[in-house]
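Notes follow the structure.
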Amino acid sequence: MAENKKRHLFAANWKMYKTIKQAVTYLHELTALIAQKQANDIYIAAPFTAINTLALEEQKLKSSIKIGAQNMSDLLEGALTGEISASMLIEAGAQFVILGHSERRRIFHEDNAFINKKVNLAFQAGLQPLLCIGETAEERKTGMTESVLETQLAEGLSGIKKEFGKNLIIAYEPVWAIGNGHAATPSDAEKSQLFIRKWLEKNWGSETAANIRILYGGSINSGNAKEFLKEKNIDGLLVGGASLTPKSFSDIINLN
Ligand code: PGA
């Protein structure tokens, strides 16, 4: 009898990589490298231009991979040059959207109030939000980690109806661990993940909190992923660099 393994969520964050053609090739290769009957949930956050083609291709392949976006507008529609709305993403075939990634916060100056509007809108539109939170190196050094997480949660999730809550995904991504090969230690990550779980329990009740998946992200690769997946409050991984080839992403998925 196989042990009752936890169903993890593995999300690829492709960032600004991959043309439509490259994305389709990747999807075919990834589908061939992973088990047909997946014991995990697999998400790909693709560039806007590739979402529609990928979603259609995924339906043909029946790979049960969810295609999503990496950002969206905080408004339904309007004179907002260069922005993209929730309904446009849904029509293209997106099922989820990453919100509040530290690159959006840092480079594009997105604050918690702005991100909160997007989270609200995503829920109302029927897109599953994947909210990223995490402290900077400076904040960690000065002992601010938990207060930063608390503020990001309280402000980022302000006004979200409890019934939507269980469909939320959170990714704990310490900013100092992203894209540099220096992941947090699994036990340090677990400490923050537990803090997030406790906050959710306090604010939304233990049933809802138990349903919310809290991912870890930051320099995950096939060499370190297994230790993270052993932690009780790590329900999956958000993977940037190591998600860019089907081989390196499937090596992580196939660990579970
Ligand atoms: P990384 O990126 O895996 O390359 O560190 C993670 C992320 O930014 O989501």
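Tabulated data
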{"read-out": "Residue match in region 33-41 (condition: within 17 Å of the chain's Cα centre (by Cα) and either away from the ligand (no atom under 16 Å from the Cβ) or touching a residue at least 24 places away in the same chain (Cβ under 8 Å) (or both))", "value": "yes"}
{"read-out": "Selection within region 93-115 - surrounded by fewer than 22 Cβ atoms within 10 Å (Cβ to Cβ) and without any contact (Cβ under 8 Å) to a residue 60 or more places away in the chain", "value": "Gly93, Gln95, Arg104, Arg105, Ile107, Phe108, His109, Glu110, Asp111, Asn112, Ala113, Phe114"}
{"read-out": "Odd one out for Ser248, checked against (1) under 21 Å from Ile34 (Cα atoms); (2) away from the ligand (no atom under 16 Å from the Cβ); (3) of a type in the set (S, T, N, Q)", "value": "(2)"}
{"read-out": "Among (1) under 25 Å from Pro174 (Cα atoms); (2) charged (D, E, K, R); (3) in a loop (DSSP other than H, G, I, E, B) - the single one Glu83 does not satisfy", "value": "(1)"}
{"read-out": "Filtered residues of region 215-226 (kept if more than 14 Å from the chain's Cα centre (by Cα), near the ligand (Cβ under 10 Å from one of its atoms) and under 18 Å from Lys5 (Cβ atoms))", "value": "none"}
{"read-out": "Candidate set from region 1-53 (those that are part of a helix (DSSP H, G or I) and aromatic (Phe, Trp, Tyr)); member that is nearest to Gly82 (Cα to Cα)", "value": "Phe48"}
{"read-out": "Top-ranked residue in region 91-103 [being over 17 Å from Ala177 (Cβ atoms) and part of a helix (DSSP H, G or I); ranked as farthest from the ligand (Cβ to nearest atom)]", "value": "Glu91"}
{"read-out": "Which listed residue is within 16 Å of the ligand (Cβ to nearest atom) and at pLDDT below 95, from Leu229, Leu238, Leu255", "value": "Leu255"}
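The values are calculated or read from the model by the stated rules, or taken from the named source; none is laboratory data. Computed from a predicted structure; not experimentally measured. In this analysis, Cβ positions are derived from the backbone assuming ideal geometry, glycine residues included, and neighbour counts consider all displayed protein chains.
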